[in-house]
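Visitor: Below is a structure I'd like to ask you about.
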Amino acid sequence: MRPRQSARGYKFFDLVVDIVSYRHEFGSSNSLAAMFKQFNTSDQLETWIKQITGNTTLRFRGRYGEGAFMQVPELWDQAQKKVLLQSTAANHRGDNTLSTYDLTRLISMLGWHLHLPADAQLPGTQWKSLESIIRAMGMDSARYLDVAIERLGMAQVIWAPVIVSKLGFGRSGIRHRTELVYTAFVQFIDEHLCQAGAPAAVRTLSMTLIAAKKLGDGNEEARQLDARMAAEVTEILRRSVMQVL
């Protein structure tokens, strides 16, 4: 990824890691996310997501409170020495109102990509491209599912866990409250009933949870939301393993 016609740029994977992990090594999560939106107009991007989810009332036209890391980026293939994708230099102004259903469907399609027929996959995508995104999402700053496995005492009976997740959080200047969204896809081999003679089970679960807190104190809001989200994710995982969802 580089500014248009520049001789220097950044690895796509590194920029996605910055978005997911909030590490800010190259740019902020919000500015990088805004940059990736520059490859489509707001109409094109919103229509694409509506076609995938079937939700015709969603809105996906805004940025995230910051300007784009690069206003006119281009995707450069170092091996082939050619531009793969150019920015439309579009202005994105408006609301982002994706539902929990939309996010859950998208992350499910990402996690299940190799198991879906071609006409049910994310349109226009290839595994060799999605694979780097999945690896980057393994560096999510939120570790709710990891903590849930440990808290439930299942670290020794859950094998080969794959967790693809993304945390979004911040304080809304419009609503004057802290908001948190967590979307995740998890797959693992569950052996907790093997001692009772039952076979191991492969379990797959996708979820999106959203929460908000308005106390007048951003730090306290964040602490309470984080604790509540951890508790809810743990309970969802427990019910999934016990087959009571």
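Where a number appears in this text, it was derived from the coordinates with a stated rule and is not lab data. Since the model is a prediction, treat every value here as computed from it, not as a measurement. Cβ sites come from the backbone with ideal geometry, for glycine too, and all protein chains shown count toward neighbours.
Visitor: Taking K and R as +1 and D and E as -1, what net charge do the other residues with C-beta under 13 Å from the C-beta of ALA34 add up to? Please list the in-between numbers first.
Guide: Details: positive: LYS37, ARG61, ARG63, ARG93; negative: ASP18, GLU66.
Here the charged neighbours net out to +2.
Visitor: Round to the nearest 10 and give me the degree value, 0 to 90, for the angle of helix 127-137's Cα axis relative to the longest principal axis of the chain.
Guide: That helix lies at roughly 70 degrees to the long axis.
Visitor: What is the sum of charges, Lys and Arg at +1 and Asp and Glu at -1, for the other residues whose Cβ falls under 13 Å from the Cβ of GLU179? Before the final figure, lay out each step's value.
Guide: On the way: positive: ARG171, ARG175, ARG177, LYS213, LYS214, ARG228; negative: GLU221, ASP226.
Neighbour charge sum, excluding GLU179 itself: +4.
Visitor: Moving to a separate point now. Kirkwood hydrodynamic radius (Cα pairs, Å) of region 34-156? Let's see the in-between values first.
Guide: Working: mean 1/r = 0.0592 Å⁻¹.
Taking every pair of different Cα atoms in region 34-156, averaging 1/r and inverting gives 16.9 Å.
Visitor: What are the semi-axes of the equivalent ellipsoid of region 128-211, taken as the square roots of 5 times the eigenvalues of the Cα gyration tensor, listed largest first and rounded to whole Å?
Guide: 30, 17, 10
Visitor: Excluding VAL157 itself, what net charge comes from residues whose Cβ is under 9 Å from its Cβ, given Lys and Arg +1 and Asp and Glu -1?
Guide: Details: positive: none; negative: ASP190, GLU191.
Surrounding charge for VAL157 is -2.
Visitor: Which one is right for this structure if Rg/Rh (Cα atoms, Kirkwood Rh) is calculated from it: (1) 0.99; (2) 1.04; (3) 1.01?
Guide: Label (1) holds the value from this structure.
Visitor: How do 137-143, 90-96, 192-198 rank on mean C-beta neighbours within 10 Å, highest first? List each step's numbers first, then the result.
Guide: On the way: 137-143: 18.0, 90-96: 13.4, 192-198: 10.7.
Ranked by mean Cβ neighbours within 10 Å, highest first: 137-143, 90-96, 192-198.
Visitor: Write down, largest first, the equivalent ellipsoid semi-axes of region 2-96 in whole Å, where each equals the square root of 5 times an eigenvalue of the alpha-carbon gyration tensor.
Guide: Details: eigenvalues 111, 52, 30 Å².
Semi-axes (√(5λ), whole Å): 24, 16, 12.
Visitor: Got a sec? How would LEU85, LEU167 order by Cβ neighbour count within 10 Å, fewest to most?
Guide: Numbers: LEU85 13, LEU167 20.
Fewest-to-most Cβ neighbours within 10 Å comes out as LEU85, LEU167.
Visitor: Which angle between 0 and 90 degrees, to the nearest 10, do you get for helix 12-21 versus the longest principal axis of the chain when only C-alpha atoms count?
Guide: Between helix and principal axis, roughly 50 degrees.
Visitor: Right, something else. State the Cα centre-to-centre distance between region 1-65 and region 108-124 in whole Å.
Guide: For region 1-65 versus region 108-124, the Cα centre distance is 20 Å.
Visitor: In region 1-105, which GluC sites (Glu not before Pro) fall in coil by DSSP and have 15 or fewer other Cβ atoms within 10 Å?
Guide: Numbers: sites: GLU25, GLU46, GLU66, GLU74; in loops: GLU25, GLU66.
Here the GluC sites (Glu not before Pro) that fit, given the DSSP loop and packing criteria, are GLU25, GLU66.
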